[in-house]
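The values are calculated or read from the model by the stated rules, or taken from the named source; none is laboratory data. As the structure is a computational prediction, the values presented were derived from the model and not from experiment. Here the Cβ positions follow ideal geometry from the backbone for every residue, glycine too, while neighbour counts run over all protein chains shown. Each accessible area value is taken on the protein alone, full model and side chains, heavy atoms only, with ligands, DNA and RNA left out. Shrake-Rupley method; radii C 1.70, N 1.55, O 1.52, S 1.80 Å.
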Amino acid sequence: LDVFAATWKFETNASILTRMALYAEHRIVPHFVPRDAQAGILARLAGSARDLLGRAEEGSTRSLAAARLLAGTSDDEALLRAWAEGSGLPHGLEDDGDFRWIVVRNLAARGLIDAAGVDSYRARDDTLQGGLNALMCQAALPVPEAKAWAWDQLTGRHGRSNYEMVHLARGFWMSPDDALVADYVA
């Protein structure tokens, strides 16, 4: 993570740049960083992303990779809410539904929107991917009711597809507090 923070923003190979951002955010932090240190590490990743976004050419792969990492790691509620509503978006992301869902997932996982908020974004995205992302966001909400609902969806017979189950599980295990999902571990 120290190497990432020091060097990622200088990477010129687009494939390495985007792959390493995904790896840092979705593999290293949740699987190798102790829970109590994750917020600080995510802030460092967001700082690297913000730095690259400020220096990259608008609309370039570097700019888009930086925006995606910032959207997924930032705790800047004002920025996330603006981006979720389509305001102040980096060039090239104005009509990017996948980007919006990265922002909404971050808002949901941090408890900055509720189930009705997730539903409002789902109403704007009537696609298969929108439905899958909405399930993940609903399951990611850091409240006992959301975790109980997601667990029921995962373990009950609701006719869900494998894709839906994967998205539900990804959201379910996103939790700022281990106590929120501890009872489900067994």
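Condition test on residue 58, is it of a type outside the set (A, V, I, L, M), out of contact with any Ser or Thr (no Cβ under 8 Å at 6 or more places or on another chain), open to solvent by 80 Å² or more (accessible area, probe 1.4 Å) and more than 26 Å from residue 174 (Cβ to Cβ)?
Working: of a type outside the set (A, V, I, L, M): yes; out of contact with any Ser or Thr (no Cβ under 8 Å at 6 or more places or on another chain): yes; open to solvent by 80 Å² or more (accessible area, probe 1.4 Å): yes; more than 26 Å from residue 174 (Cβ to Cβ): yes.
Answer is yes for this residue.
The set of residues in the stretch 25-37 that are free of Cβ contacts under 8 Å to residues at least 60 places away in the same chain, over 15 Å from the mean Cα position of the chain (by Cα) and open to solvent by 70 Å² or more (accessible area, probe 1.4 Å) comprises 31, 32, 34, 36.
Tell me, which residue of the stretch 157-180 that is assigned to a loop (DSSP other than H, G, I, E, B) and either basic (Lys, Arg) or modelled with pLDDT of 95 or more (or both) is surrounded by the most Cβ atoms within 10 Å (Cβ to Cβ)?
Going residue by residue through the stretch 157-180, those that are assigned to a loop (DSSP other than H, G, I, E, B) are 157-161, 174-177.
Keeping just the survivors that are either basic (Lys, Arg) or modelled with pLDDT of 95 or more (or both) gives 157, 160-161.
Numbers: 157: 5, 160: 15, 161: 11.
Restricting to residues being assigned to a loop (DSSP other than H, G, I, E, B) and either basic (Lys, Arg) or modelled with pLDDT of 95 or more (or both), the top hit is 160.
Going by what's in this entry, would residue 183 be described as within 25 Å of residue 34 (Cα to Cα), without any contact (Cβ under 8 Å) to a residue 40 or more places away in the chain, in a helix (DSSP H, G or I) and open to solvent by 30 Å² or more (accessible area, probe 1.4 Å)?
Answer is yes for this residue.
The listed residues are 69, 22, 42, 64, and the only one of them that is closer than 20 Å to residue 88 by Cβ, open to solvent by 30 Å² or more (accessible area, probe 1.4 Å), free of Cβ contacts under 8 Å to residues at least 60 places away in the same chain and aliphatic (A, V, I, L, M) turns out to be 64.
Across the stretch 136-147, the qualifying residues are those that are part of a helix (DSSP H, G or I) and either at pLDDT below 95 or open to solvent by 50 Å² or more (accessible area, probe 1.4 Å) (or both), and the one among them that is farthest from residue 38 (Cα to Cα) is 145. You will find that of 119, 95, 75, the residue that is open to solvent by 30 Å² or more (accessible area, probe 1.4 Å), under 19 Å from residue 26 (Cβ atoms) and acidic (Asp, Glu) is 75 and no other.
Residue by residue, here is whether (1) β-branched (Val, Ile, Thr); (2) modelled with pLDDT of 95 or more holds:
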position: 59; (1), (2): no, no
position: 73; (1), (2): yes, yes
position: 77; (1), (2): no, yes
position: 83; (1), (2): no, yes
position: 94; (1), (2): no, no
position: 99; (1), (2): no, yes
position: 102; (1), (2): yes, yes
position: 106; (1), (2): no, yes
position: 117; (1), (2): no, yes
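When each of 111, 86 is tested for being surrounded by fewer than 17 Cβ atoms within 10 Å (Cβ to Cβ) and touching a residue at least 40 places away in the same chain (Cβ under 8 Å), the lone residue that passes is 111.
Selection of the stretch 125-161 for residues being touching a Gly at 6+ places or on another chain (Cβ under 8 Å) and of a type outside the set (Gly, Ala, Ser) yields 125, 127, 129, 135, 136, 137, 138, 141, 142, 143.
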